[in-house]
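Shown next, in structure tokens, is the structure this report addresses.
The values are calculated or read from the model by the stated rules, or taken from the named source; none is laboratory data. From a predicted model like this one, the values you see are computed outputs, not experimental measurements. With ideal geometry, Cβ positions are generated from the backbone for all residues, glycine too; neighbour counts draw on all protein chains shown.
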6 protein chains.
Amino acid sequence: MPTVTVTRHVHFNAAHRLHNPSLSDEENRRIFGPCNNPNFHGHNYELEVAVEGEVDPVTGFVANLDEVKRIVEQHVVSYLDHKNLNLDVSEFRALNPTTENLVVVIWRLLEGRLPSRLARLVLWETPRNCVVYEGG
Amino acid sequence: MPTVTVTRHVHFNAAHRLHNPSLSDEENRRIFGPCNNPNFHGHNYELEVAVEGEVDPVTGFVANLDEVKRIVEQHVVSYLDHKNLNLDVSEFRALNPTTENLVVVIWRLLEGRLPSRLARLVLWETPRNCVVYEGG
Amino acid sequence: MPTVTVTRHVHFNAAHRLHNPSLSDEENRRIFGPCNNPNFHGHNYELEVAVEGEVDPVTGFVANLDEVKRIVEQHVVSYLDHKNLNLDVSEFRALNPTTENLVVVIWRLLEGRLPSRLARLVLWETPRNCVVYEGG
Amino acid sequence: MPTVTVTRHVHFNAAHRLHNPSLSDEENRRIFGPCNNPNFHGHNYELEVAVEGEVDPVTGFVANLDEVKRIVEQHVVSYLDHKNLNLDVSEFRALNPTTENLVVVIWRLLEGRLPSRLARLVLWETPRNCVVYEGG
Amino acid sequence: MPTVTVTRHVHFNAAHRLHNPSLSDEENRRIFGPCNNPNFHGHNYELEVAVEGEVDPVTGFVANLDEVKRIVEQHVVSYLDHKNLNLDVSEFRALNPTTENLVVVIWRLLEGRLPSRLARLVLWETPRNCVVYEGG
Amino acid sequence: MPTVTVTRHVHFNAAHRLHNPSLSDEENRRIFGPCNNPNFHGHNYELEVAVEGEVDPVTGFVANLDEVKRIVEQHVVSYLDHKNLNLDVSEFRALNPTTENLVVVIWRLLEGRLPSRLARLVLWETPRNCVVYEGG
């Protein structure tokens, strides 16, 4: 059977602040600029979840997208949506909530829970920038 | 000369929390749901600024869009971008930062400063919802 | 208080066939072209629902968008999504399911049910064409 | 019968230069900046053509969009696509090809030729700016 | 010469029903949900066709996109547009018209017919989900 | 540390003409069609620049996107924006400015200048066609 990648898009929004407490305030401001605002700012994140596998000859599906959607809603969207990443999400207690770190955190939230192999995540922080992670 | 509307799009992102201190905590949670998160959440706001006027026979412009852009960047984007609306923006000290209130605040920041008559603002909070204000 | 328009976007998909039984088969094919296919074709419809009103000084809302969304889901999306407009939707038993007729049907499904005055519907049949209806 | 607006989107691309020969070279550079480049630059224009009328009880159409599309292709797209507005389009021999002037020229190319009343043109010069003209 | 991938986007719309006659009606409803509606529903499909090859030193093209477009229109769009996949398209007489199966069918319609090597197809069923097939 | 790809989008617009002086005028017209217009036409180009690397444990960045943006603005956007590719850009004195050749030129402008490894460029000539180059 052919191998196809199936992608589902979801969105959530969150507040965050880019800050590394092991750096001085001045270094934090220099590296992170306005993203270092101590009062936080925020984004509408768009997430693309791609799973890969052989097409099932009975259903014609690689994966049932309703099931994929339910798992992503349960383990990612409900966990991150309308949250402050720094204050409300335990993974970021000692980790800077950059888009790079966020996409890796989301990978770990999803890995092993989806009905097919997780192949690729694309995470948009704004309509002008995104990160791509394939688990490497 | 014909009357034409000219629109410029800009974006900014910000954190906020929907909360009215004159309501009980329970009422705030009931009305605003996850938007009432005390730790804030955030959005990528997309703003469309429309000015209207007769086409100038010398320039062929209703308004020089570079000038419109500079004024919007100076009075709106630099004032709101990467900010916490509740904590960093004085207009929201006693005003709930809903999209409706935010579009009216932006109107007042721009009114009388643009080279042509401000005709209409469209403010997107997410790709799925926006508000429109024409100054009424 | 200022008057603001608030817009919520939803989507649904459906099959339909453009056909008027009072016309001959040849006239139907000439007027409706491939949209007259007796086996139906279909679309992803995108619907923008705009309500208008004064901003409530207590909530800062014209309308609670979660409530708007729930009403639109209940009365429009669940009624039309994954349906055959000609066969499954009673309004189209004797009415051709063009985008124009569909937007008027949706207006009647929503009118009087929303927490603020319904101001405008925009219905996209494809990313290249839409209809606008303001109830006139 | 209800009155509905029907919109069709088309695109074309063209080169142009903003320049008014009655101004000095210095004034032209100051007003038009890089758009004054004597070697021209160019855009992908997106045009939205909106016609308005009562829904025809026989067809369920305000206007047959295939007919609207054919007329817009014939009188606008084929006339402007892959052209140099300054050199190839007679309307701009003595008129500066700003977006404002272009939308008015397109209105005159379409007015009276469409099967329903031309209600509104929206012309995007870039994804970040557009003009709107309603014939006034 | 450098190897570049060139992508052309086209769209078509169609009706379909997800159903496997070897399963019981109850199993079909459980697996396919509202997509199992016996009266069909439909979608606007967006298709991205990517071909890959070395840049031709004479033309500067990997492939003439007008030729790619003509071949895709002839072999895919005209074959699927405004059709009922289950009833009108022979490949789906005994094959469930899921997006996964559809992208593989489209691959076979195009393979060997394009002026450069077919590298990748992306097929959007809705703006929120797509499949990717690279021929494996 | 995980390896992540980070993408930044920018845009610029330019005029061009597709033409190979070693071919006859007739061959040029046959191969390039309206793109061969001697008076030029133009496009809004959208460029996606993807860099790849390990996430830095101190900053949480693969690359500081503000730095990526500054380098792309300096070496690509300011060099190409509002230009005539054939007349104003030295790389195209003897090279046909197709999208394929343009993406390779942009690669060479950026290679070795970015803070992380350049992984991939996507260049959109119109919303319906793009090229992808990974340096091969």
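Figures for the structure shown
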read-out: Segment D:40-79, subset in contact with a Phe, Trp or Tyr (Cβ under 6 Å, 6 or more places away or on another chain) and buried (at least 22 other Cβ atoms within 10 Å of the Cβ), residue nearest to the other protein chains (Cβ to nearest Cβ); value: D:PHE40
read-out: The listed residue being over 30 Å from A:ASN28 (Cα atoms) and modelled with pLDDT under 95, out of F:GLY42, F:GLY136; value: F:GLY136
read-out: Filter result for F:TRP124 (in contact with a Gly (Cβ under 7 Å, 6 or more places away or on another chain), under 29 Å from E:VAL68 (Cα atoms), at pLDDT 95 or above and surrounded by 18 or more Cβ atoms within 10 Å (Cβ to Cβ)); value: no
read-out: Qualifying positions in segment E:1-19 - surrounded by 19 or more Cβ atoms within 10 Å (Cβ to Cβ) and not in a strand (DSSP E or B); value: E:ARG17, E:LEU18, E:HIS19
read-out: Test: F:GLU73 is under 14 Å from the mean Cα position of the chain (by Cα), under 26 Å from A:VAL131 (Cα atoms) and modelled with pLDDT of 95 or more; value: yes
read-out: Residue match in segment F:87-102 (condition: within 13 Å of chain D (Cβ to nearest Cβ), surrounded by 19 or more Cβ atoms within 10 Å (Cβ to Cβ), of a type in the set (Ser, Thr, Tyr) and under 14 Å from the mean Cα position of the chain (by Cα)); value: yes
read-out: Matching residues in segment B:21-35 - criterion: being of a type in the set (Gly, Ala, Ser) and within 10 Å of another protein chain (Cβ to nearest Cβ); value: B:SER22, B:GLY33
read-out: Residue within segment F:6-16 that is facing chain D (nearest Cβ under 8 Å), within 20 Å of the chain's Cα centre (by Cα) and closer than 30 Å to A:ARG120 by Cα present; value: yes
read-out: Any hit, segment F:104-118, residues being more than 10 Å from every other protein chain (Cβ to nearest Cβ), within 13 Å of the chain's Cα centre (by Cα), over 30 Å from C:ARG128 (Cα atoms) and in a loop (DSSP other than H, G, I, E, B); value: yes
read-out: Helices (runs of 4 or more DSSP H) lying entirely in segment F:21-91 (those with 1 or more residues that are free of Cβ contacts under 8 Å to residues at least 60 places away in the same chain, within 30 Å of A:VAL103 (Cα to Cα) and β-branched (Val, Ile, Thr)); value: F:65-72
read-out: Matching residues in segment D:119-136 - criterion: being in a strand (DSSP E or B) and within 14 Å of chain F (Cβ to nearest Cβ); value: D:LEU123, D:TRP124, D:GLU125, D:THR126, D:ASN129, D:CYS130
